[in-house]
Amino acid sequence: MTAEQDKKNAAFYYSVNMLRLLLRAKLLTEAEYRKIVKLSAEYYGCEKIVVDG
């Protein structure tokens with residue numbers, strides 16, 4: 001794994017945690033949350049996604 005991919009993984013992790021906060025605050029639906037997580041994973045080039053909602 002390269003330093004660049006490490007940065008992307010960290011950014012993805014951060015974004016998922018921010019999305020979790022929005023989900024818990026009822027500002028996102030579960031469907032919106034999952035869709036955005038999927039889009040973020042594609043953007044950051046994540047191959048494996050293990051996310052707990």
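Taking each residue of the range 18-38 that is open to solvent by less than 80 Å² (accessible area, probe 1.4 Å) and looking for partners that are aromatic (Phe, Trp, Tyr) with beta-carbon atoms closer than 6 Å, six or more apart or interchain, yields 19/33; 23/33. Consider the range 4-29 and keep the residues that are within 10 Å of residue 40 (Cα to Cα) and of a type in the set (A, V, I, L, M, F, W, C). The one that is nearest to the chain's Cα centre (by Cα) is 16. Could you tell me whether any residue of the range 16-30 is of a type in the set (Lys, Arg), modelled with pLDDT of 95 or more and on the phi < 0 side of the Ramachandran plot? Yes, because at least one residue in the range 16-30 is of a type in the set (Lys, Arg), modelled with pLDDT of 95 or more and on the phi < 0 side of the Ramachandran plot.
The values are calculated or read from the model by the stated rules, or taken from the named source; none is laboratory data. Worth saying up front: this structure is predicted, and the values here are computed from it rather than measured. Neighbour counts are summed over all protein chains in view; Cβ atoms, including those assigned to glycine, are modelled from backbone coordinates with ideal geometry. Heavy atoms of the whole protein, side chains included, go into the accessibility calculation; ligands, DNA and RNA do not. Shrake-Rupley method; radii C 1.70, N 1.55, O 1.52, S 1.80 Å.
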